[in-house]
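Below is one structure, written out as structure tokens, with a few remarks after it.
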Amino acid sequence: MTVRADSPALHALIAADACFEQVATGLHFAEGPIWSRPGGFLLFTDIPASTIWQLDATGTSVWRSDTNMANGLALDREGRVVACEAATSVLSRFEHDGSRTVLATAWQGRELNSPNDVVVAPDGAIYFTDPHYGRAGPPHGVARPRFLDFQGVFRVVPGEEPELLVDDFRTPNGLAFSPDGSLLYIVDTLRMHVRVFDVQPGGGITGGRVLFAQQEAELDLAEVLAWIDEHGTPPHGLPDGLKVDEAGNVWVTGPEGIWVVSPWGERLGIVATPEHAANLVFGGPNGRTLYVCATHSVYRIPTLVRGA
């Protein structure tokens with residue numbers, strides 16, 4: 001069974017008999033999905049292949065190659081693609097004419113670790129997580145020394161220096177705003193939990209309580225990296241990508257697939273995925289299709305709710 005409910009509330013979000021459809025495959029490691037509403041198509045990354053793919057009604061095609069191992073993507077308020085580059089530790093933006101603009105590459109004169117995932121706030125500011133995954137070497141980065149002794153979350157206004165928001169994460173990863181933009185949810189992968197912060201009028205964040213944990217014990221980084229080195233993908237079931245629906249529920253990857261959690265931290269159920277899920281996004285003509293990047297493939301499944 002794909003949809004496994006812990007609460008009847010889940011069935012208001014996704015039908016009990018909903019099933020996944022594979023819409024792309026043959027990828028090295030799929031990540032970073034975003035839905036382009038004006039264009040009506042999906043963009044997603046293949047990190048080891050250093051490629052951004054476009055998926056539309058005609059099939060899959062290369063949207064951009066030589067992306068410096070782009071990982072997470074976002075669209076800014078002008079419809080431009082913002083990308084986290086694992087190989088260069090750069091947060092970049094692809095302009096409408098195809099040129100590339102560097103938005104952030106250092107903090108206080110020291111290179112960033114490896115921008116991983118990114119989201120754009122209602123005011124246009126860009127928030128991104130900065131773990132060191134992209135410096136650990138192939139297949140998801142380039143081995144090189146670190147210059148920051150923490151793994152943080154940053155906010156950047158294009159044209160300005162990045163602002164460090166929080167530095168007490170072990171491995172910050174996926175992030176998303178609540179529907180009204182007042183809350184910011186952030187994954188801490190190795191701690192296997194999601195934290196929630198209050199967004200302040202100036203764009204800063206406060207609080208940071210754990211909304212829910214997927215298991216009590218933290219993961220050992222050396223063991224995770226060894227698994228990736230041997231298998232080419234992370235261990236199945238890590239919290240990684242995260243999205244919020246229009247009702248404020250959190251959809252995040254985890255053990256068995258996608259965990260659906262209420263705004264109050266109650267797990268409503270699990271949507272089991274055919275492969276290890278890394279990231280997800282709501283899209284489709286009516287916004288009620290969930291696209292999931294899962295290792296070598298991209299899947300979609302109908303939902304009863306739109307993304308935030």
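A few points about this structure:
- Linear extension gain, E21 paired with E78, 0.36 nm per residue minus alpha-carbon span: 17.4 nm
- Rounded to the nearest Hz, the phi-derived 3J(HN,Hα) couplings of region 183-189 under the Karplus curve 6.51 cos²θ - 1.76 cosθ + 1.60 (θ = phi - 60°) are 10, 10, 9, 9, 7, 10, 4, where x marks glycine and proline.
- For region 1-80: relative contact order, % (alpha-carbon pairs under 8 angstrom, 6 or more apart): 21 percent
- Per DSSP, loop GluC sites (Glu not before Pro) in region 58-110 with at most 14 further Cβ within 10 Å: E78, E95
- If you plug the beta carbon distance of F147 and D56 into 1/(1 + (r/R0)^6) with R0 = 35 Å, you get a FRET efficiency near 0.30.
- Put a plus charge on the Cβ of each Lys and Arg, a minus charge on the Cβ of each Asp and Glu, and nothing anywhere else: the dipole of the chain about its Cα centre is then about 400 debye.
- If you run the Gaussian network model on the chain, springs between alpha carbon atoms under 10 Å, then out of L112, L164, L280 the most flexible one is L164.
- One decimal place: the segment A106-V157 gains 17.0 nm when fully extended, by the rule 0.36 nm per residue minus the C-alpha distance.
- In a fully extended conformation the segment linking E95 and E223 would gain 42.2 nm over its present Cα-Cα distance, using 0.36 nm per residue.
- H11/R306 FRET efficiency (R0 22 Å; Cβ-Cβ; nearest 0.05): 0.85
- With contacts taken as Cα pairs under 8 Å at a separation of at least 6 residues, region 3-302 carries a relative contact order of 17 percent.
- Hz values of 3J(HN,Hα) by residue in region 267-283 - Karplus curve (6.51, -1.76, 1.60), Gly and Pro given as x: 6, 8, x, 10, 9, 6, 9, x, 10, 4, 8, 10, 7, 7, 7, 7, x
- When region 3-302 is reduced to its Cα atoms, the Kirkwood hydrodynamic radius in Å: 18.9 Å
- Footprinting exposure proxy for D130, D188 (fewest neighbouring C-beta atoms within 10 Å first): D188, D130
- Between region 168-210 and region 18-50, the Cα center-to-center distance that results, in Å: 24 Å
- Derived scalar couplings between HN and Hα for region 156-164 equal 9, 9, x, x, 10, 6, x, 10, 6 Hz in order, rounded to whole Hz, by the Karplus curve 6.51 cos²θ - 1.76 cosθ + 1.60 (θ = phi - 60°), x for Gly and Pro.
All of the numbers you see were taken from the coordinates with simple rules; none came from a lab. Note that this is a predicted model, so its numbers are computed, not measured. Cβ sites come from the backbone with ideal geometry, for glycine too, and all protein chains shown count toward neighbours.
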